[in-house]
Structure formats: structure tokens, C-alpha cells
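Visitor: Take this structure first; my questions come after.
All of the numbers you see were taken from the coordinates with simple rules; none came from a lab. The shown structure was predicted, so the numbers you read here are calculated from the model rather than taken from an experiment. In this analysis, Cβ positions are derived from the backbone assuming ideal geometry, glycine residues included, and neighbour counts consider all displayed protein chains.
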Amino acid sequence: MKTVDTLLVVGLGLIGGSFAAAVKLAGACRQVYGYDLNRTSLEEAQALGIIDYGCESLAEGVMAADLIMLAIPMLAMKPVLEQLSLSFAGLPAELPVQKVVTDAGSSKKALLDAALEVFGGVPTWLVPGHPIAGSEKSGVGAAKATLFQAHDVILTPLENTNALALEKVKLLWEACGAVVTRMDPCHHDEVLAKTSHLPHFLAFSLVDTLAGNPDNQDIFRFAAGGFRDFTRIAGSDPIMWHDVALGNDQAVLQALDQFTEGLQVLRQAIVQKDSQSLLGVFSRAQSARQHFSSLLESRKQRVKSLPESVMVCNGFSGSVLVEDEDTKQDAMGSMKESTQTFIARPGGSISGDLRVPGDKSISHRSIMLGALAEGETVIEGFLEGEDALATLKAFRDMGVQIDGPYQGKVTIQGVGMYGLKRPEGPMYLGNAGTAMRLMAGLMAAQSFDVTLTGDHSLSGRPMNRVVDPLRQMGAIIETAEGGRPPLKISGGARLKGIEYHLPMASAQVQSCLLLAGMFAEGETVTVTPGIVRDHTNRMLEGFGYPLSCAEIISGENGSDIATDIATDITTIVALKGGGKLTATRIDVPSDVSSAAFFMVAASIAEASELRLSHVGMNPTRSGVIEILQLMGADITLENESVVGGEPVADLVVRSAQLKGIDIPERLVPIAIDEFPVLFIAAACAEGRTLLTGARELRVKESDRIQAMADGLIALGIDAQPLPDGMMINGSGDSLSEQRVKPVFNGGTIDSHGDHRIAMSFAVAALRAKDDIRILDCANVATSFPDFAGLANRAGMRIVVKGKCQ
Ligand code: S3P
């Protein structure tokens, strides 16, 4: 669609050149004119095909164009606006609709001040804008048609800005693949001073300072990756940054002062050998950086949804290429967030002694309860995966002092039940469904408003399962369409306890209501069909919060009967509001859900024997062991003990010939996260495995029934997805075989960004004929950081392509 007839780009540097190229590539205007004081740039732009016509004068271009983009240094704005005012003086009165002027400068106040001086007011046809994209490279030769794809562009219109003009500029940026947002001009300048201007000035200053050292030869010769990464942007255009420093001086000075203060704190900590402060600064920064990576990762999801994003104009001469993955990453920004691919090589056996990372469910809860407790809570074995770190970051954003994680240790200075503070902005929870659902309960009871957001996958997950009962308790919550995130939770609601019968067996829903119940008037009672993980109840007890739990077991006739013939179990948990939490120590066991990948790996791979140490053996989580044992797996438990209220054990797993089974439905909720890898076990088993009663798998990080069925079928397995489960005809060989035969063909699998799908197919490679290439694996880091490293130490061979941070 042609948004514009003739576009004039004034200033053919990196940004102006890229804008012209992007608009041309999108076919969003009939013709692109260019103007630059520097004739060489003008000629180069024409030679590269970035512009259709190079104007002799600004006036010539202005007469012809209906949209003018000013991509010039900040201090050049005023003289250029003066020239525009002269050209416009001779034009008819309907100018506002016919000609629109926008810019790409990084200080909006500087542009508006210049406009005020030249025109005596900000004209209605001027739409201030700023693309958040760039490179340390400058000049038209560095221009890229893809520079703005999936990047934010901030428009900062004023009240009098012409609506049509604004829409025209917005559509043009969107045609370039950008994501357009609106902001107040002053707020824009403050934000950019911190996120863009300050880092550039630090890089310039650091390089300049070190270059002045007498030993600078050695400094630059031996400068390692850190120096290179940190100072890359010191290669940027000096004129442009000079103008930014003076154009946005007030906000920049504020950011510099704040940074200087932080540097002083660090200096003081080093002088005083204050390890706690040093580790505090470093670990807080580390986790904030990891969190930031997740944000970038969600931007990656936006790139995925733009089909044009894989197209680049080859040398701007018109032919179109498909980019490789690395180029695509580059187009997304200077931080190399990426898609990650696992290439799992076929065969191998599993051995050794492994400790998989800490339990995700327990890690989330330990932060939440530790933050609300009175006193200092110390957590050991905390999962340093992105999901748990998102929860940690959210509580930091609400004013809780949290040190770590440092080698799994986290120390929380609890603020008490009513001590949380309003966060500055929306809290981004990445991929973490547990964080969002549990926090919804806590946030519903606060005095301040909160918005909870998440990545592409989380934004598609159902939240009404917690929102509906919370509303019954009196919470005020708005969701996006269909009860999806973001959740806008209003503060100041008075909650009252309810008795809620959960429609599904969900620990997240149960936990959410219990957490809200601590703040509610009266008693909150949850009645859950089946058994679900009980970490919330155990941890509440550990923090000294009284609650009562009961399991009602009934047979088909409804009478209470013994467990082994029970067909229905109902779990009832109740607590009264108004209590308090007392800080405690928490030892997080290894996550049985992460250990499950290795239990299956060692079972299906030939000649394997593996010890998994300190694995959580909570009976509400250990369904995977029972199912594998029913299938004939050789798993024994050693060193059984209880730590901090949670049972743990070492597991010894040896290769075994598995057989297909009908999975008892009572085990479904207590093995809910392990089915993806259990399907891999089923494919290697002899005979049919049938899973039913697991409809919940369809609303996890992906539709795990469909994603696994698609992957299994692609690898040659006879699998049939069912509405609430799966039927798999295993092709495992019989016990008499000396060497196990491959079961899976090689092939490419889409993990749909679901960590457990990705890891499951990596395990399948142990019994594959050829490589299994698994796409979209970056989210493995949400639950299992360094999965590939640990797996390779145990005997798998996973090559990781692309990096996440
Ligand atoms: C979890 C509960 C389960 C599980 C999820 C973690 C928890 O979800 O799948 O990974 O920590 O409470 P549901 O409650 O939706 O079954």
C-alpha cells in the first residue's frame, strides 16, 4: 500500500539512508527523494539505489514531497526548519494535510525548542519521532533496509499535532517493520538519556581516558572481549553525539549524576573490602541483565511474526535474499538476542553423577513468601533460570532488597505482609506462567495498581482460571481479550475469603487463591479435583502460616475407601486471612521435572548408568518415576531424606527395555510437566502407550499434545494426538537384542519456544538414526540453564547454534 507519494529524506547518513531503503523495500511510497549537504553521500545514495532522485537544493525536494523526514544531527534542526519555513511561506494554506514533516532525532525537546523559535509555536504538521535502532557504523554506506524491523519507534506528538499527519508517519514506520509507540516528549528524553545517551558517553569517555594512558599500546593490544563489547559504541559518529549531549543536556546530566553516585558506592565497597555490597551490586546487575535479555527475546517473537522480516534488499538494487539466522539477529539490535537451535547428534550412552538445577516451583514460591515475611530469608539451591529470575526481579521492582543469586544462594530482607511498594511500571514476567498466576493472587490484595505482562507464549495463556475466582473474592482485574495477559490489577480492593471448587487440577490456581487468602477477610477454602503439587502448603507451614489440608478419597459409589482402589481424590486446603510469615531458611532440591529428561535418557540409551543427586521426591511431583517404573524402567532411590520440609533422594537409573502402558489418570496431575519426555520414552517402548485425562497439556507453554505429536510423527513415530492425551505405538526392540536399535528418524522439529519440548527431542536423539535439529530453543534457559552442557557431560552430543545473551 502506498502511504505516501513522494518521500524526501533530508540527511543521508545511517538512519536517513536506512529509512529511505526500508520505505523503498516496503513499496510504501511512489518515489524517494534525497537531500544532503554532502554531495558524496547524495551520489552514493543514488548509486546504491537507496533514493530515486538526489535534489540539488532542500527547496527543490520540499516542493515535490508530501512527507519529509529530517534525519540530521540535532543542532542542524534549527537551520533546516528555518529553510523549511521559507519554502512553506510560498505554499497554499492547506499545507497541513499536504505536507508532513517528521524527524529521527534522539532529543525531542531540542526539536520542539527549535520549532518554537522558528515558527513561534510547534506546527501541526510536525510529527516528532525517534527510531530506537542504530549502529556504531555511520554514513549511507552502512544503511540497511532491515534496520528498523521489530524495533521500537517512539512518536512524541503534541496535543495540536494533526491526526492525519500522525497516522501517515505511523503507517510509514510500520511499513518499515517497526513497532510504533507514543510517548510524552520530556519522558522520551529522560528515558533515552539513560538507555542510550549515557552508555554512549561512558564508552567515549572510557576509551578516551585509556587512550590517554602512557601504556595505551598495551591496553589496546591486550583488550579482551569485555573491553571490546563495552566500547563498541565509542566508534559512533562524533558530530551526532556532540549534538545529543548539548541537545538533551538536562536529562543527560541527571543520568550522569546518578551513574556517578553508583560508581562511588562501588568504589567505596572496594576500599572497604565490603564483599556483601560488591556481590549485591554485581548479582543484582546480573539478574537485571538476564531479565533484560528475556525482554529482547520477546522482541524476537515479534520478529518471528513479521514474514517480511526475513527479507533484505540485496545492495538495495532490488533482488531479495533470505537472511541467515545471524543476519536476522543483527537486524534486531546491537545486543545479540537470538533464536537458538539445538542439533542433537544421534546415539550415545549416559553415565556419571549429575545434579540438575533447583526446583522451579519451589524457587518461585521462596521469593514470594521470603519477600512478604518478617526477617531475613536465606535460600540455597535457587534455580537461576529465567522464570524464577523474573519473579525475583518483580519483587525487587516492588522495593524488596534481594541479594543474589550467587551460586544458588539468595538472601531476602522480607518487608512483611504490607511492605511491598508500587513498581515503576508494568512487571514483565517473561515465559513464567507460575509467576503470573501466583502473583495475580498476591497483587490483587495490594494497595497499588500493577500490570503483569509476559512474552509471546505467556500472552496467549488462559488467565481466567485465576481471574474469575479472584474477582469472586473482590479483586479488580482487567485482562486482554479472552482472559489473556496482560493483567491489570487495581489496588485497594478488599478481599473476602471464598470456598472455591477448582474446575481443573491446578496447583497454580490453588496457590494463587491461598496467597490471596492470606490478605482476605475470613477463610479461603480451595477444593481441587485430584492431587496437585503442594509446595505452597508446605512452604506456608515452613514460614509459620497456619493452614489445614485434607485429602478425601472416594470410590465410584462416593464412599471413603482405601487409596489403591480409589477412583477420585479431592484435595481441600484452607487458611484464614490476617496471618503473618516469619523468615526461614530454604533448601531447594533439584527439580524432578528437569531430572526427568535424564531419567528417560538413561533408560532409553544403551549401556547407561546415571546417578541424579538430591532430587526432589515430593509425592505430589513424583508421578514420572511411578510411570517410568510401570513401563519397566530401572530406577532406584538412595539416600532418602527430608530437607526443609521437602523429601529428597539420589536416583540411580540404568538402561532398560521399556514397555507401553495405559497411564493411570490419577498420576496425570502429579506428572503433568513430564509428559513431553514420557512420550519419548513411550516411542522407545515395546507396544502401545495411552495417555488420557491430560487436556491441561494443551494450555502449557505450547499445546504440548500437538507439538509433541507433530514432532514424533515427523521423526517417523506412530503417534496419534487425542483431545486429552496421546496414543503412541512404540517401536522399541525386544530385550533379547544386544544393541538397541534407533527408533527415531533424523529431522527438524519446531519446539514452539517450549523448553520441555526442546529438551525432550534432544533426549530422543539418543535413539535416532540421524541428527535431530530442534528450532527455537532459547527458552530452555527458563527452567534449565546450561541443559546442553550438562547433557553433553552425561554423554549426549548437543550442538547449540545461536546465543541467547
Ligand atoms: C506449577 C503447576 C503446574 C505446572 C507448572 C508449575 C506450579 O501448572 O505445570 O509448570 O509451580 O504451581 P498447573 O497448576 O497449571 O497444572
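Visitor: Which entries in the list Lys409/Lys496; Lys24/Lys801; Lys170/Lys194; Lys360/Lys421; Lys273/Lys801; Lys168/Lys700 go over 30 Å, if you measure between the two C-alpha atoms of each?
Guide: On the way: Lys409/Lys496 36 Å; Lys24/Lys801 33 Å; Lys170/Lys194 25 Å; Lys360/Lys421 25 Å; Lys273/Lys801 40 Å; Lys168/Lys700 40 Å.
In this structure, Lys409/Lys496; Lys24/Lys801; Lys273/Lys801; Lys168/Lys700 exceed 30 Å between Cα atoms.
Visitor: In Å and whole numbers, how far do the C-alpha atoms of region 360-587 stretch along each principal axis, longest first?
Guide: Principal axes ranked by extent give 54, 40, 33 Å for the Cα atoms.
Visitor: Among the chymotrypsin sites (Phe, Trp or Tyr not before Pro) in region 204-237, which ones are in a DSSP loop with at most 15 other Cβ atoms within 10 Å of the Cβ? Mind listing them?
Guide: On the way: sites: Phe204, Phe220, Phe222, Phe227, Phe230; in loops: Phe222.
In loop regions of region 204-237 (DSSP not H, G, I, E or B), the sparsely surrounded chymotrypsin sites (Phe, Trp or Tyr not before Pro) are Phe222.
Visitor: In square nanometres and to one decimal, what's the mean projected area of the convex hull around the Cα atoms of region 453-517? Please list the in-between numbers first.
Guide: Working: hull surface 17.9 nm².
Mean projected area for region 453-517: 4.5 nm², to one decimal.
Visitor: Right, here's the next one. Considering every pair of different Cα atoms, what Kirkwood radius, in Å, is found for region 587-648?
Guide: On the way: mean 1/r = 0.0825 Å⁻¹.
One over the average 1/r among Cα pairs gives 12.1 Å for region 587-648.
Visitor: Just want to confirm a number: the relative contact order over the chain, from Cα pairs under 8 angstrom separated by 6+ residues, in percent. Could the numbers behind the result be given before it?
Guide: Working: 1814 pairs, mean separation 86.4, N = 805.
It rounds to 11 percent for the chain.
Visitor: Equivalent-ellipsoid semi-axes (√(5λ), Cα gyration tensor) for region 355-420, whole Å, largest first? Let's see the in-between values first.
Guide: Numbers: eigenvalues 73, 25, 19 Å².
Semi-axis lengths for region 355-420 are 19, 11, 10 Å.
Visitor: I've got another one for you. Considering only DSSP beta bridges whose two residues both sit in the chain, what percent are antiparallel, to the nearest 5? Write down the numbers at each step before the final one.
Guide: On the way: 70 of 114 bridges.
Within the chain, antiparallel bridges account for around 60 percent of the total.
Visitor: If you wrap a convex hull around the C-alpha atoms of region 328-485 and split its volume per residue, what is the figure in Å³?
Guide: Values: hull volume 27.6 nm³, N = 158.
Convex hull of Cα atoms, per residue: 174 Å³.
Visitor: I've got another one for you. Between Thr692 and Thr582, how high is the FRET efficiency from 1/(1 + (r/R0)^6) when r is the Cβ-Cβ distance and R₀ = 51 Å? Nearest 0.05. Write out the running numbers ahead of the final one.
Guide: On the way: r = 44 Å, r/R0 = 0.86.
Taking R0 as 51 Å, the efficiency between Thr692 and Thr582 is 0.70.
Visitor: Could you state the principal axis extents of the C-alpha atoms in region 666-805, from the largest down, to the nearest angstrom?
Guide: Taking the Cα atoms of region 666-805, the three principal extents are 42, 39, 24 Å.
Visitor: If you average 1/r over all unlike Cα pairs in region 1-93 and invert the result, what Kirkwood radius do you get in angstrom?
Guide: Numbers: mean 1/r = 0.0761 Å⁻¹.
About 13.1 Å, per the Kirkwood formula over Cα pairs.
Visitor: For region 137-229, which trypsin sites (Lys or Arg not before Pro) are both in a DSSP coil and crowded by at most 16 other Cβ atoms within 10 Å? Present the calculation step by step, with values, prior to reporting the outcome.
Guide: Working: sites: Lys137, Lys144, Lys168, Lys170, Arg182, Lys194, Arg221, Arg228; in loops: Lys137, Lys144.
Taking region 137-229 and a limit of 16 other Cβ atoms within 10 Å, the loop trypsin sites (Lys or Arg not before Pro) found are Lys137.
Visitor: When Rg is the radius of gyration of the Cα atoms in region 120-174 and Rh is its Kirkwood radius, what does Rg/Rh come to? Numbers along the way, then the final one.
Guide: Working: Rg = 13.6 Å, Rh = 12.8 Å.
Rounded to two decimals, Rg/Rh equals 1.06.
Visitor: Note the angle between two axes, namely the Cα long axis of helix 360-372 and the longest principal axis of the Cα atoms of the chain, as a number of degrees from 0 to 90, rounded to the nearest 10.
Guide: 70 degrees
Visitor: Same structure again: What does the net charge come to around Val140 if you take all other residues with beta carbon closer than 9 Å to its beta carbon, with K and R at +1 and D and E at -1?
Guide: Values: positive: none; negative: Asp36, Glu44.
Overall, the nearby charge balance is -2.
Visitor: Here's something else I'd like to know. Taking a temperature of 20 °C and a viscosity of 1.002 mPa s, what whole-number D in µm²/s does Stokes-Einstein yield for region 4-183 with Rh from Kirkwood over alpha carbon pairs?
Guide: Values: Rh = 15.8 Å.
It diffuses with D of about 135 µm²/s by this estimate.
Visitor: What is the spin-label model distance, in nm, from Ser490 to Thr40 if the labels are put 7 Å beyond Cα along the C-beta direction?
Guide: 6.2 nm
Visitor: From Cα pairs below 8 angstrom and at least 6 apart in sequence, can you work out the relative contact order of region 360-587, rounded to a whole percent? Working shown, then result.
Guide: Details: 544 pairs, mean separation 45.6, N = 228.
Rounded, it is 20 percent for region 360-587.
Visitor: FRET efficiency for Ile219 and Lys78, Cβ-Cβ distance as r, R0 = 45 Å, nearest 0.05?
Guide: Details: r = 40 Å, r/R0 = 0.89.
Taking R0 as 45 Å, the efficiency between Ile219 and Lys78 is 0.65.
Visitor: Regarding the chain, what is the average projected area of its C-alpha convex hull, in nm²?
Guide: Numbers: hull surface 151.4 nm².
For the Cα atoms of the chain, the hull's average projected area reads 37.9 nm².
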